[in-house]
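A.B. asks: Before anything else, here's the structure in question.
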């Protein structure tokens, strides 16, 4: 295992940083990834990916047109899934995602939704006969499917989707139809050009009566020619902020017929005579979303870790400004403002990564319990995964963009990798449940809990028990050096309690002022979101501190401790409004929090490069000229730029056509 | 003049919003743009631009490759400058920028730096003989020039640029040379492919002695063939986060010779015998930067206004969720969380726009004074333009991105225009002076001022006089309804004073703790930035309230008043740490600030569409499917998507090459 990333020919400054580290990078990496075996496995997978010719890009993808990129991705995803046996299928959260990110980079591809939504939905919604038919076809890649839920006019509120599936008793068929422009299916990944099948959530109509949203599977394209079938209009939705390599698509049905057996019937059924049999439980199908959100938290944490790695390595080799006239210029990592921009996000990436493990473990436990018919943790999982997804994606987006800005002009170039990381990650604020909607779902749970507590009728979920604890009136915080984890956790808990109870009372007050419940909820919704955030943040702090308590290496524990304190103090300072609420923290304490942050930054500075080295990113995974392991950035930027499509010729046609004649005509007149 | 944007066939919801407005959009627009004449002039320019065939794009530029976009921009900039006579040349700040944005959209082009930096630098640095030679050539477009300052390894700290210009007495030439990879000129707009001349800041070396940075003008490409001249390596630097239509370039000199008269000699001179004559004043050349920053503040405010317009119009036609089961879905603009995301930035766009006018006026006054040899306002202009640029670009970037996120999935599509607005505007945080560096320059001025006040030796600039006022210990704030402008301004001033004096004392304390001045400055730098921000924010609030005091129409004044209060309260809440410092604001007051924000949002909601209509954006200028005047978004998105390069054929070659064989082979085995 590499304990040390130094190699001959590296940039001098970055080598000096590595030589000065106070801890073993190998040990820290093993702690992050859950042991030396896991780390070794990462290196095996990397080696395998690097050895496969058909996994390689002919040129860096950022120089490709959309068409080239879609084609390159299709080529790679077929090659990758051909060799999927290399990966431990039971560890999709870690091995699977890592393998995919090494081959596909930060983009989606023709089969992203095939694996992420199409197959899981078949598994969850098809009855046994349907499973026997569809699952082998899908799993062996005999068809490519996507999941076409969102419409032009409807996203989050799926009960109002407009697409209809009307049962025709005569022919025993459903007629899928798009009744208006706003009902056009829109956004689904792989729908535009790649998929030949899709799962279609649509309103089930029998004899003019709407039975609500049900799931249908429809063939979209001819298996041999891949042409859209009659009654189907389909295409790509055009360029987006990121993810250029996937064909997000639109789909319009014109009275398109599918057999009765293409409605998934695990829960509801339509018999051939048109009789409708309703499901026993109404909420049995959010498993897929929860799964995707759990994966997202880990992936998002890794994106932030990558951005932080790039920013810190670049800040170590970039020199600018001098403190004494005539002296060597300063590494920009030495500026406190630069540390302040980057290191709190380094801390967040650790906290989020460890929290992701906790969500994953909970997901595994719930899945096991559900197979035994136990549902007690479902609510907790739903709340945590929604809340985490929302808090994490937002902080990750902010953090990546700060890292990008901290790299100055070069951060704006695609050479840095940072614009791609940002546009890829920030989409997570919107998909799989828009963040504000998610936070308000968490808030609904919190307000219900407070109501139960107030009515002394509380049966509390584990994650909400702290709401019952006695109020603490004043924080004990004095100095960052001496503060204990337990004190910090008490601060987080009390700030959350203050915000949550305040919001509950505010809701009550608004109703007393003659607002309806819905109006009051709406008026208080910004505070409700804040209550949810503090609840989640509090959970994350606890989870982090309990995780690092397992660390047995003093040199590693020291760093993890500094990171935990930086995370805590920075979070308190970012939520000053809530932590000073009811004067829980005083002006003096808040000042000590701020000054504490600055001092911790100084303490972490000497190990900053080694800490990000511990994320164990290869140059392949990082895909950033600025973040290269060897620190030899400037020469590599020049080489990178030579790929520019504008550099294919010395003189562009713009000279002959426009600029040349303009200049010549002017000069001839002088 | 259009007082009302309603037309037959518009989306019903947006029409209803417009019918319900409490004020005349025409009057508000006239107030924003400085009178009905100015507004009429905007409409004339729009009509002219729309009437010129060669100003039109063949397809929306977001569907073009970089090469197509660069070519389209070159074509348009020639056409545009051919017809520049249509524009009042004395009003470059408003007419000029408006004209350019209508023709060129949100992108730079082959001649951005020719007009923005090349010509102004000639005007500022050339002596009279040089002016006579170069200015006509440049102004008539006989050559295209750029300004090549930044190097791969050096941006902000220009004193350490590495490129050398060594005087050769024998031939009376300067030898321009790039001594290392990091000395490669990098980033200059139009350098890669379009320009045939550039101004080169380089270290002047005479007889081995470095005389510091001086400005040279160098021919880069042959006038007839446009090929790079011997000794010059030049190219495009590759794709960036935004501005795809400009060829930012790199440039390497290999002992490239230029005549002695190609050094600009207005201030320093090199005689033919190599004798060096130093300039009388050392700081006479930042005029260009200040000019560009002043323009930027206005342009950035307009970008934010555009984003807010898109988000509000879309929120008026988008319906999602229901408050009563079975009722019509809710316009998302009715959600308080949505209002909270967007409306504070609506308020900011007004405040920034009015502040931009103030910077512009100051710039004009300073320019006039300087021509009379008076320099008293130079410092004030430098501080204000640096501080404004920094505060405004950062808030604008945050605001645009919030608006984009508030549009959900569709905000991520280039159809919304928002990814382009963001990537265009956010670059402003970095260029023309990185924001943190700018804030620290403002802080240096503030700390110097406090030192003078403490030593009773203060001769204060106008903008700093409030620092002398008596300390106020407690804010008077009670309720948003009754608070007066003067009270809010007192709050801003006191918060700024508290932050500025606290930071000064913190600096002193750090030095007492045995840090050197440089170390102390570095340790306190985050607080120093915050001090600068509050200083600038305070100035902006004053400037806004003094501007709206001129409004004589009660219905307009009512809205401007609400906007001013929303801006103030939202700013206080965002800077909770500083406003609660020294307990200047209490917990109760901060709560009233927050709840006040929510109530003002409700009060502004009914006029939100009319307020953004008052920005008078045409659909051409806005360039957003989501922000269309008529609100008919969904059908237009479908039409827009048809341009996608992936939709040129029904079946991509990916099917035949990769996906088809994979599926067929699997199906044949089942």
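Each value in this text was obtained by applying a stated rule to the coordinates, not by laboratory testing. Computed from a predicted structure; not experimentally measured. As a convention, Cβ positions derive from the backbone with ideal geometry for all residues, glycine included, and neighbour counts pool all protein chains shown.
A.B. asks: Mind giving me the nanometre distance, one decimal, between the label points for residue B:278 and residue A:368, set 7 Å out from Cα along Cα→Cβ?
C.D. replies: Each label point lies 7 Å from its Cα, and together they span 7.8 nm.
A.B. asks: Which percent, nearest 5, of DSSP beta bridges in chain B are antiparallel?
C.D. replies: So the antiparallel bridges amount to about 85 percent of the total.
A.B. asks: Defining the label point at 7 Å along Cα→Cβ, can you sort the distances from residue A:668 to the same site in each other copy, shortest first, in nm?
C.D. replies: For residue A:668, the other copies' label points sit at 6.6 nm, shortest first.
A.B. asks: Would you mind checking the radius of gyration and Dmax of chain A based on alpha-carbon positions, in Å?
C.D. replies: Answer for chain A, Rg first and Dmax second: 27.5, 92 Å.
A.B. asks: With a ≥ b ≥ c taken as the square roots of the eigenvalues of the C-alpha gyration tensor of the protein assembly as shown, please select rounded if a/c is under 1.5 and otherwise prolate if a/b is larger than b/c or oblate if it is not?
C.D. replies: Taking the square roots of the gyration eigenvalues as a ≥ b ≥ c, the protein assembly as shown is rounded.
A.B. asks: While we're looking at this one, here's another question. In region A:177-215, whose amide N lies under 18 Å from the spot 7 Å out along Cα-to-Cβ of residue B:670? List them in ranges.
C.D. replies: Backbone N within reach: A:194-200.
A.B. asks: Work out, step by step, the length gained on full extension between residue A:97 and residue A:56: first 0.36 nm times the residue separation, then minus their alpha carbon distance; give nm to one decimal.
C.D. replies: Contour length minus the Cα-Cα distance gives 13.0 nm.
A.B. asks: Residue B:159 versus residue A:37, label points 7 Å from Cα toward the beta carbon: distance in nm?
C.D. replies: Reported label-point gap for residue B:159 and residue A:37 is 5.9 nm.
A.B. asks: Oh, and also: Between the alpha-carbon centers of region A:354-427 and region B:56-99, tell me the distance in whole angstrom.
C.D. replies: Between the Cα centre of region A:354-427 and that of region B:56-99, the gap is 41 Å.
A.B. asks: Principal axis extents for region B:83-148, Cα atoms only, whole Å, descending order, please.
C.D. replies: 37, 25, 19
A.B. asks: For region A:301-397, what number results from the quotient of the Cα radius of gyration and 2.2 N^0.38 Å?
C.D. replies: Cα Rg divided by the expected 2.2 N^0.38 Å: 1.63.
A.B. asks: Taking the label point 7 Å from Cα in the Cβ direction, how far apart in nm is residue B:53 from each other copy of itself, listed shortest first?
C.D. replies: Listed shortest first, these distances are 5.4 nm.
A.B. asks: Please compute the contact order of region A:479-568 in relative form: average sequence separation of alpha-carbon pairs under 8 Å and at least six residues apart, divided by the residue count, as a percent.
C.D. replies: Rounded, it is 35 percent for region A:479-568.
A.B. asks: Using a Förster distance of 56 Å, how high is the FRET efficiency between residue B:68 and residue A:180, based on the Cβ-Cβ distance and rounded to 0.05?
C.D. replies: Efficiency, from the Cβ-Cβ distance: 0.95.
A.B. asks: I would also like to ask the following. Can you work out which chain B residue has the shortest Cβ-to-axis distance for the rotation that carries B onto A, and give it in Å?
C.D. replies: B:576, 2
A.B. asks: Further question: Between residue A:378 and residue A:47, what length comes free when the chain is fully extended (0.36 nm per residue of separation minus the Cα-Cα distance, one decimal in nm)?
C.D. replies: 115.3 nm
A.B. asks: Can you list the copy-to-copy distances for residue B:455, using a point 7 angstrom from Cα toward Cβ, in nanometres, shortest first?
C.D. replies: In nanometres, ordered from closest: 7.0.
A.B. asks: Under the rule a/c < 1.5 gives rounded, and otherwise a/b versus b/c splits prolate from oblate, where does region B:143-279 land using the Cα gyration tensor?
C.D. replies: Prolate shape, in that a/c is at least 1.5 and a/b is the bigger ratio.
A.B. asks: Work out the mean other chain Cβ neighbour count within 10 Å for the residues of B:128-138 and drop it here as an integer.
C.D. replies: Per residue, the number of nearby Cβ atoms from other chains is 1 on average.
A.B. asks: Could you give the distance between the Cα centres of region B:20-51 and region A:462-541, to the whole Å?
C.D. replies: The two parts, judged by their Cα centres, are 48 Å apart.
A.B. asks: Would you mind getting me the FRET efficiency between residue A:632 and residue A:139? Use the beta-carbon distance for r and R0 = 60 Å, nearest 0.05.
C.D. replies: Computed FRET efficiency for residue A:632 and residue A:139 comes out at 0.85.
A.B. asks: How far apart, in nanometres, would the label points at residue A:487 and residue B:205 be if each is projected 7 angstrom from Cα along the Cα-to-Cβ direction?
C.D. replies: Reported label-point gap for residue A:487 and residue B:205 is 5.9 nm.
A.B. asks: Another question, then. Indicate the gyration tensor shape class of region B:368-492 (rounded, prolate or oblate), computed on the Cα atoms with a ≥ b ≥ c the square roots of the eigenvalues: a/c under 1.5 is rounded; otherwise a/b larger than b/c is prolate and the rest oblate.
C.D. replies: Judged from the Cα gyration tensor, region B:368-492 comes out oblate (a/c at least 1.5, b/c at or above a/b).
A.B. asks: A further question on this structure: Taking the Cβ-Cβ separation of residue B:4 and residue B:327 as r and a Förster radius of 35 Å, what is the calculated FRET efficiency to the nearest 0.05?
C.D. replies: That gives a FRET efficiency of 0.75.
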